[in-house]
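The values are calculated or read from the model by the stated rules, or taken from the named source; none is laboratory data. Only a predicted model underlies this, so the values are computations on that prediction, with no experimental measurement involved. Please note: Cβ atoms are built from the backbone with ideal geometry, for glycine as well, and neighbour counts cover all protein chains shown.
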Amino acid sequence: MALSTEQRLDQAGMRRIILPMQSDNPALQHVNAWLADENILFDTGKDDTGTRRVWDELDCTQSLTGVYCTHAHADHVGLAHHFEQAHRLPIYVSDAEMDIARTAFALTPSDAALLRQGFLREMGAHRSGASPSRPLGGRATIPTAHHRPLLEGARLGVGGREWLVRLGGGHSVAPALFLDEKHGLLITGDQILPEMTPYVGLAIDAPDADPLGRMLDFLRSWADVDSAIIALPGHGAPFQNVGDRITGHLASYERRLNRAWQAADVPITGAGLLSALFRVNSGQQVLDIHYAMAAALLNHLVATGRMQKWRDEDGAFQYQRV
Ligand SMILES: [Zn+2]
């Protein structure tokens with residue numbers, strides 16, 4: 001009889017640790033950490049009292065020999081500095097991820113506010129009738145740990161097991177995925193998720209980047225992955241048929257790109273596009289991440305020649321489909 005996913009994970013020495021998280025999104029009420037052979041930890045959860053309590057009660061930290069982080073968002077790498085300082089553990093993250101986190105943490109609040117205002121102005125969010133935006137809240141920046149870099153193609157031999165490191169991009173700048181070919185396991189972080197399309201938003205300090213292009217390239221390059229592999233995601237339950245999820249993600253981004261393209265038959269700002277993309281009413285408050293998602297779609301349409309953009313006299317970008 002075929003083994004269930006739980007039995008296969010058990011046999012492969014993998015344990016899912018569900019850590020608390022609050023969000024408006026029902027699919028984001030927790031974040032996963034993955035424990036391999038009781039000594040290697042992938043991701044840490046947020047730096048808050050609820051998460052620290054889970055780790056204290058689990059008491060697995062004594063046997064740990066290293067912490068590997070998929071990417072440097074606060075819900076995944078938030079407690080890395082704690083594991084490093086309190087438990088003297090080496091922390092592994094890609095350099096590009098840690099650079100971004102370090103830069104964000106070093107910004108003064110007023111510099112961060114200026115960056116944000118500049119981004120929202122370019123999106124036209126300050127105009128009357130536009131949806132006013134508010135930051136996501138919570139602690140977005142985190143103290144960073146002294147880390148060791150994860151490199152593309154590296155093979156980590158730990159505890160008789162080998163993990164192949166693959167760097168992706170799109171959800172964040174250079175997230176790591178970890179593939180255990182022998183046991184058929186793939187730690188996906190937030191690059192491939194079971195219940196939601198991964199967030200892809202423009203980082204306000206990289207206004208001309210094309211993170212969605214990076215995500216689409218990444219997903220296409222993984223489309224043929226073995227369907228028997230068990231994906232261990234950053235949020236949600238383990239899943240198989242990774243290729244089907246990738247097909248779903250690609251279709252979802254393509255639908256959003258199409259909606260943005262359709263709505264820009266006349267010149268329109270990023271703020272003007274929000275109602276077409278997210279069904280928000282004019283004037284209704286949104287989160288910065290909505291503007292960041294809209295900007296990622298627009299930048300990708302511009303990068304692929306489907307949209308043109310120019311700055312108007314008020315400092316906002318106008319977009320129109322080609
Ligand atoms: Zn996450």
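Values for this structure:
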item	result
Flag for TYR68 being modelled with pLDDT of 95 or more, more than 16 Å from the ligand (Cβ to nearest atom) and under 22 Å from the mean Cα position of the chain (by Cα)	no
Evaluation of ALA33 against (1) free of Cβ contacts under 8 Å to residues at least 24 places away in the same chain; (2) more than 27 Å from TYR199 (Cα to Cα) (one fails), failing number	(2)
Failed condition for ALA113, given (1) away from the ligand (no atom under 16 Å from the Cβ); (2) at positive phi	(2)
Within the range 192-218, considering residues that are among the charged types (D, E, K, R) and either modelled with pLDDT of 95 or more or in a helix (DSSP H, G or I) (or both), the one surrounded by the fewest Cβ atoms within 10 Å (Cβ to Cβ)	ASP217
Search result, residues across the range 51-60 that are touching a residue at least 24 places away in the same chain (Cβ under 8 Å) and either of a type in the set (A, V, I, L, M) or away from the ligand (no atom under 16 Å from the Cβ) (or both)	ARG52, VAL54, TRP55, LEU58, CYS60
Count - residues of the range 85-107 that are at pLDDT 90 or above, in a loop (DSSP other than H, G, I, E, B), surrounded by fewer than 16 Cβ atoms within 10 Å (Cβ to Cβ) and on the phi < 0 side of the Ramachandran plot	1
Close pairs from the range 219-241: first in a helix (DSSP H, G or I), partner within 16 Å of the ligand (Cβ to nearest atom), Cβ under 6 Å, at least 6 apart	LEU219/HIS249
Any hit, the range 158-174, residues being more than 16 Å from the ligand (Cβ to nearest atom), out of contact with any strand residue (DSSP E or B) (no Cβ under 7 Å at 6 or more places or on another chain) and part of a loop (DSSP other than H, G, I, E, B)	yes
Sole residue being hydroxyl-bearing (Ser, Thr, Tyr) and touching a Lys or Arg at 6+ places or on another chain (Cβ under 9 Å), chosen from SER128, SER133, SER172	SER133
Candidates SER133, SER63 - the one that is over 19 Å from LEU179 (Cα atoms), under 21 Å from the mean Cα position of the chain (by Cα) and either surrounded by fewer than 16 Cβ atoms within 10 Å (Cβ to Cβ) or away from the ligand (no atom under 16 Å from the Cβ) (or both)	SER133
From ALA130, ALA112, ALA125, ALA33, residue being over 30 Å from ASP10 (Cβ atoms) and in contact with a strand residue (DSSP E or B) (Cβ under 6 Å, 6 or more places away or on another chain)	ALA125
Test: residue in the range 289-303 that is surrounded by fewer than 17 Cβ atoms within 10 Å (Cβ to Cβ) and over 18 Å from the mean Cα position of the chain (by Cα)	yes
Residues that are within 16 Å of the ligand (Cβ to nearest atom) and either out of contact with any Lys or Arg (no Cβ under 6 Å at 6 or more places or on another chain) or in a helix (DSSP H, G or I) (or both), drawn from the range 71-83	HIS71, ALA72, HIS73, ALA74, ASP75, HIS76, VAL77, LEU79, ALA80
Checking VAL225 against (1) within 16 Å of the ligand (Cβ to nearest atom); (2) surrounded by fewer than 20 Cβ atoms within 10 Å (Cβ to Cβ), the condition it does not meet	(1)
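Condition check ((1) within 23 Å of the chain's Cα centre (by Cα); (2) more than 18 Å from HIS183 (Cβ to Cβ); (3) not in a loop (DSSP other than H, G, I, E, B)) across all residues:
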residue: ARG16; (1), (2), (3): yes, no, yes
residue: VAL31; (1), (2), (3): yes, yes, yes
residue: GLU38; (1), (2), (3): no, no, no
residue: ARG53; (1), (2), (3): no, yes, yes
